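First comes the structure, then the notes that go with it.
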Amino acid sequence: MKIAFVGKGGSGKTTLSSLFVRHLAAVGAPVVAVDADINQHLGAALGLDEDVAAALPAMGAHLSLIKDYLRGSNPRIGSAEVMIKTTPPGEGSRLLRVREDNPVYDACARPVELDGGTVHLMVTGRFTEADLGVACYHSKTGAVELCLNHLVDGRDEYVVVDMTAGSDSFASGMFTRFDMTFLVAEPTRKGVSVYRQYKEYARDYGVTLRVVGNKVQGQDDVDFLRAEVGDDLLATVGHSDWVRAMEKGRPPRFELLEDVNQQTLRTLRSAADATYELRDRERYTRQMVHFHLKNADSWGNAKTGVDLAAQVDPGFILGEDATAAVSPAAADATV
């Protein structure tokens, strides 16, 4: 299951996504966690020291490797240089799976030991000094989008992505890559404003969106959120001594997280799991192609000097039964 956590800056989306990752690890689920926010707080929220989190390999720094591996023997893609962030897979492309070893994970994923299990963490990468004043942060998240376009996951497998703050997720087609999007909202007018934007932008794309109320102090806050977001309100989270200790870098054992918050996490997992039966693989692939063609027309064709529409394989559907036929020679050349 591909799951996104979104919300305005300061809403607690990274805290909630880290708690959800810990919950999944505690029940023994395979998890790939992705920090797609250039502020890069997920590693620390999962208990890594700041210097260790800062030293995690940036996906953007390995973009050439990622492209070369995913291209495989796809005859529609002449070289890795003409792949862009939205390039869709086709026959011969290599696909990523949650439970496997591959060069992309070797380069970009690092195991994080939690008291309930192990997760694999990937990060989009921070701004560097060379980026300041000349680069857009979307150049950093492109590697994440490309990997999601080529990632196949099954029931009880989880990819959890801590997204960029606010409605910036809509600057690319990445917002359509998820089975479930959890929007973390505080019980304030500003807190629900991102929800309204997200709901409006996602309306025509079949995005499954549920709201998690955070920093809720009483029934009045719950009533406010219910009045503002209606049935999209899935659960709420209030004060947590466990979270406060975690934010100080001294998290207790995860099993000591308050029962009410453990129940909230179980509610989130149940809601995400329920979307498995609703998967529309043809729509998922169609949306991938839609945003690829938009990017091709907008800037991709001019940048690469080729017609990127030719990369679309009209007979390919990304699903659990999708295969990537790669010749041994191609495998030797790209690994």
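The values are calculated or read from the model by the stated rules, or taken from the named source; none is laboratory data. Because the structure is a prediction, the values reported are computed rather than measured. So basically every Cβ, Gly included, is an ideal-geometry build from the backbone, and we count neighbours across all protein chains shown.
Residue pairs whose Cβ atoms lie under 8 Å apart, separated by 6 or more positions or on different chains, with the first residue in the stretch 266-286 and farther than 16 Å from Asp232 by Cα and the second loosely packed, with under 14 Cβ neighbours inside 10 Å and of a type in the set (S, T, N, Q), do not occur. The set of residues in the stretch 172-184 that are at pLDDT 90 or above and in contact with a Lys or Arg (Cβ under 8 Å, 6 or more places away or on another chain) comprises Arg177, Phe178, Asp179, Met180, Thr181, Phe182, Leu183, Val184.
Take the conditions modelled with pLDDT under 95, farther than 19 Å from Leu96 by Cβ and either of a type outside the set (Ser, Thr, Tyr) or exposed (fewer than 12 other Cβ atoms within 10 Å of the Cβ) (or both) and apply them to Ala302. Does it pass?
Numbers: modelled with pLDDT under 95: no; farther than 19 Å from Leu96 by Cβ: yes; either of a type outside the set (Ser, Thr, Tyr) or exposed (fewer than 12 other Cβ atoms within 10 Å of the Cβ) (or both): yes.
The answer is no for Ala302.
Taking the condition under 19 Å from His292 (Cβ atoms), modelled with pLDDT of 95 or more and hydroxyl-bearing (Ser, Thr, Tyr), does Tyr69 pass? Criteria met by Tyr69.
Going residue by residue through the stretch 104-118, is there one that turns out to be at pLDDT 95 or above, of a type outside the set (A, V, I, L, M, F, W, C), surrounded by fewer than 23 Cβ atoms within 10 Å (Cβ to Cβ) and part of a loop (DSSP other than H, G, I, E, B)? For the stretch 104-118, residues at pLDDT 95 or above, of a type outside the set (A, V, I, L, M, F, W, C), surrounded by fewer than 23 Cβ atoms within 10 Å (Cβ to Cβ) and part of a loop (DSSP other than H, G, I, E, B): absent.
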